[in-house]
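K.L.:
Dumping the structure here so I can ask a few things about it.
Values in this text are rule-based calculations from the coordinates and carry no lab data. What you see is a predicted model, and the numbers here were worked out from it, not measured in a lab. With ideal geometry, Cβ positions are generated from the backbone for all residues, glycine too; neighbour counts draw on all protein chains shown.
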Amino acid sequence: MPKNKNNQTIWKSRIKKSSALFQKIGSSIEIDKNLYKEDIEGSIIHVEMLFRQKIISFKVKDKIVFGLNKIKNEIKKKKFTYNNKYEDIHMNIEKRLFEIIGDDAGYIHTARSRNDQVVTDFKIWMRFATNDINKKLNNLIKTILKVSQKNIQTIMPGFTHLKNAQPISFAHYMMAYVEMFRRDKLRFKNNLENLSENPLGVAALTGTSFDIDRNFTTRKLGFLKPTNNSIDTVSDRDFVLDFLFASSVCSLHISRIAEEFIIWNSEGFNLITLSDKVVTGSSIMPQKKNPDLLEYIRGKSGNSFGNLFSMLTILKGLPLSYFKDLQDDKELVFKSNEILKNCISILNEVLNNFSPNKKKMLELAETGYITATDLADYLVKSYKMPFRKAYKITASIVNFAEKNKKKLSELDLKDLKKIEPSLTQDVTKVFDLKYSVNSKKSFGGTSFANIKKMITKYKKNI
Ligand code: ARG
């Protein structure tokens with residue numbers, strides 16, 4: 001029986017035997033098989049271009065396209081056998097193409113290298129992943145707006161240093177996260193610009209002597225222009241850093257809201273209740289309902305940052321152009337992408353399955369002399385005094401209230417007058433929490449009217 005020659009690595013003609021250990025460890029197929037669709041799409045457009053440029057014949061082009069489509073089907077139907085020995089998805093597909101169409105498969109790699117092939121596939125993949133994340137973020141924003149809509153009049157303490165600062169609407173707090181997730185969307189969207197440059201055709205690092213048409217492949221693969229410098233093209237992983245950075249910042253936002261909800265869900269704060277859908281129990285303490293999902297997403301941000309740091313470290317000090325070091329880029333990105341998508345979904349699930357404890361929020365907002373700043377503002381406005389003087393008078397009133405174990409709203413006008421004789425009954429209105437929240441009418445402030453307007457505006461922009 002003739003020996004099956006196809007069962008050899010592409011470089012068998014040059015390299016007699018490579019270490020089995022390295023074949024196993026150096027292979028990236030388990031990771032980059034994720035790129036099969038993009039790889040096949042890129043290859044089909046590549047050979048179409050080679051044919052248009054009269055570099056390969058119609059017959060060869062047709063055979064290759066037929067073979068590639070067959071391979072795509074095999075992979076989709078999980079009938080494709082991957083082989084570690086062929087290192088990555090690019091070579092696994094090429095080897096299978098030889099099996100299907102014979103030696104004409106050998107034309108496919110004309111005027112290209114895996115170096116441009118891999119970044120082309122990766123950029124196409126990332127364009128889709130980026131748009132997908134933005135869709136998920138839109139969903140999350142819709143959920144936040146739904147919660148906000150129901151809680152415009154829900155008053156809670158706004159904190160600084162986790163100490164009661166000034167009363168706010170719970171909706172206003174929630175919508176702070178809308179701003180963060182909108183910035184995340186923009187950050188991802190901005191990345192699309194670097195992703196719009198087509199690497200295909202720079203070959204290994206120098207470009208090619210074949211008369212290729214990079215504008216054709218650019219158009220057909222959904223890019224906007226070909227990359228300018230062949231060496232930079234195969235060395236560049238800035239788009240990877242951009243993706244990992246955008247993912248990290250988004251994970252960080254998710255981690256911050258998770259942390260706050262964990263605190264608020266504690267018995268100490270008791271500002272929110274998580275429904276049974278989003279808590280887990282303890283193996284020993286029967287009473288427990290733990291916010292594990294929130295802890296999970298808070299923890300996962302660490303993986304995301306780690307991936308960003310790994311990539312920065314891989315690139316630091318790496319000479320131009322392609323090195324094996326770069327192979328790890330895909331694992332980092334795929335993992336960060338998976339983490340982020342899961343975390344967005346989990347946060348969405350939590351936000352659909354919790355309720356604010358409105359009574360407790362209000363009670364907490366009634367402590368800590370939270371309307372002191374309102375009193376100071378009132379003094380400035382009603383008595384035309386400088387803010388610093390008003391601050392001093394208010395501090396004396398707070399000291400008095402604290403000493404007498406009273407809330408500001410429980411002080412008698414008589415007592416207030418001892419500190420500031422010109423005060424009248426009118427002043428007591430500023431101790432009302434609703435009055436306080438609603439008075440913050442400056443643009444971006446927590447007044448109910450502002451919040452309503454912002455909800456409408458956000459909804460329009462989704
Ligand atoms: N598996 C490789 C990677 O993902 C493909 C590029 C290989 N290029 C090379 N010159 N070895 O980075």
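K.L.:
List Asp374, Asp415, Asp104 from most exposed to least, where exposure is judged by having the fewest other Cβ atoms within 10 Å. The partial results should precede the final answer.
P.N.:
Numbers: Asp374 24, Asp415 15, Asp104 18.
Listing Asp374, Asp415, Asp104 from fewest to most nearby Cβ atoms yields Asp415, Asp104, Asp374.
K.L.:
Give the angle, between 0 and 90 degrees and rounded to the nearest 10, that separates the Cα long axis of helix 89-101 from the longest principal axis of the Cα atoms of the chain.
P.N.:
The answer is roughly 40 degrees.
K.L.:
So, one more: Going by alpha carbons, how many degrees (0 to 90, nearest 10) lie between the helix axis of 36-52 and the longest principal axis of the chain?
P.N.:
Long axis of 36-52 versus the principal axis of the chain: about 50 degrees.
K.L.:
May I ask you to derive the relative contact order of the chain, considering only C-alpha pairs under 8 Å and at least 6 residues apart, and to give it as an integer percent? If you can, show how the numbers build up before the last one.
P.N.:
Working: 595 pairs, mean separation 72.5, N = 462.
With pairs under 8 Å counted, the relative contact order is 16 percent.
K.L.:
Which order do Leu347, Leu423, Leu21, Leu340 fall in if you start with the one that has the fewest other Cβ atoms within 10 Å?
P.N.:
Leu21, Leu423, Leu347, Leu340
K.L.:
Describe numerically, in nm with one decimal, the distance between label points set 7 Å from Cα along Cα→Cβ at Gln153 and at Phe128.
P.N.:
Label-label distance for Gln153 and Phe128, simple model: 4.9 nm.
K.L.:
If a paramagnetic tag sat 7 Å from the Cα of Thr367 along the Cα-Cβ line, which residues of the stretch 147-177 would have the backbone N under 11 Å from that point?
P.N.:
Counting only backbone N, you get 164.
K.L.:
Taking R0 as 51 Å, what's the FRET efficiency between Lys358 and Asp238 from their Cβ-Cβ distance, rounded to 0.05?
P.N.:
Working: r = 48 Å, r/R0 = 0.93.
Between Lys358 and Asp238 the formula returns 0.60.
K.L.:
Also: Assign one of three labels to the stretch 269-410, namely rounded, prolate or oblate, based on the Cα gyration tensor with a ≥ b ≥ c the square roots of its eigenvalues; rounded applies when a/c is under 1.5, prolate when it is not and a/b is larger than b/c, and oblate otherwise.
P.N.:
Cα axes put the stretch 269-410 in the oblate bin.
K.L.:
Can I ask one more? For the pair Lys392 and Lys406, how long in nm is the line joining their label points, each one 7 Å along Cα→Cβ?
P.N.:
For Lys392 paired with Lys406, the spin-label model returns 2.4 nm.
K.L.:
Show the residues, 5+ positions off or on another chain, whose built amide H is closer than 5 Å to the amide H of Thr273.
P.N.:
Under 5 Å from the amide H of Thr273: Ser355, Asn357.
K.L.:
Here is a further query. The stretch 73-128: which trypsin sites (Lys or Arg not before Pro) are DSSP loop and have at most 15 other beta-carbon atoms within 10 angstrom?
P.N.:
Lys77, Lys78, Lys79
K.L.:
For an R0 of 41 angstrom, estimate the FRET efficiency from the Cβ-Cβ distance between Lys77 and Ile284 and round to the nearest 0.05.
P.N.:
The computed FRET efficiency comes out at 0.30.
K.L.:
Counting other Cβ atoms within 10 Å, which GluC sites (Glu not before Pro) in the stretch 45-106 have at most 11 and lie in a DSSP loop?
P.N.:
Within the stretch 45-106, no GluC sites (Glu not before Pro) qualify (loop, at most 11 other Cβ atoms within 10 Å).
K.L.:
Along the charge dipole of the chain, Cβ charges K/R +1 and D/E -1, which of Ser275, Leu312, Val249 sits furthest on the positive end?
P.N.:
Ser275
K.L.:
For the chain, max minus min Cα coordinate along each principal axis, in Å, sorted largest first?
P.N.:
Largest to smallest, the principal-axis extents are 108, 54, 39 Å.
K.L.:
Then there's this: Could you give the dipole magnitude of the chain about its Cα centre, charging the beta-carbon of Lys and Arg +1 and that of Asp and Glu -1, in debye to the nearest 20?
P.N.:
Computed charge dipole of the chain: roughly 860 debye.
K.L.:
May I ask you to compute the full-extension gain from Glu267 to Asp213, defined as 0.36 nm times their residue separation minus their alpha-carbon distance, rounded to one decimal in nm? Numbers along the way, then the final one.
P.N.:
Working: separation 54, 0.36 × 54 = 19.44 nm, distance 6.62 nm.
Here the answer is 12.8 nm.
K.L.:
Then there is this: Roughly what angle does helix 292-315 make with the longest principal axis of the chain, taking Cα atoms, 0 to 90 degrees, to the nearest 10?
P.N.:
50
K.L.:
Please compute the length gained on full extension between Leu186 and Glu295, using 0.36 nm multiplied by the number of residues separating them and subtracting their Cα-Cα distance.
P.N.:
Full extension from Leu186 to Glu295 adds 36.6 nm.
K.L.:
Averaging sequence separations of C-alpha pairs under 8 Å and six or more residues apart, then dividing by the length of the stretch 216-344, give the relative contact order as a whole percent.
P.N.:
32
K.L.:
So for the stretch 1-135, averaging the separation of alpha carbon pairs under 8 Å that are six or more residues apart and normalising by length, what relative contact order in percent results?
P.N.:
Normalised by residue count, the contact order of the stretch 1-135 is 34 percent.
K.L.:
Continuing with the same structure: Are there trypsin sites (Lys or Arg not before Pro) in the stretch 374-458 that DSSP puts in a loop and that have at most 16 other Cβ atoms within 10 Å, and which ones? The partial results should precede the final answer.
P.N.:
Numbers: sites: Lys381, Lys384, Arg388, Lys389, Lys392, Lys403, Lys405, Lys406, Lys407, Lys414, Lys417, Lys418, Lys429, Lys434, Lys440, Lys441, Lys452, Lys453, Lys457; in loops: Lys384, Lys405, Lys406, Lys407, Lys440, Lys441.
In loop regions of the stretch 374-458 (DSSP not H, G, I, E or B), the sparsely surrounded trypsin sites (Lys or Arg not before Pro) are Lys384, Lys405, Lys406, Lys407, Lys441.
K.L.:
Kindly identify the stretch 270-354 as rounded, prolate or oblate by the Cα gyration tensor criterion: order the square roots of the eigenvalues as a ≥ b ≥ c, call it rounded if a/c is under 1.5, otherwise compare a/b with b/c, prolate if a/b is larger, else oblate.
P.N.:
Working: a/c = 4.00, a/b = 3.06, b/c = 1.31.
It comes out prolate by the Cα gyration axes.
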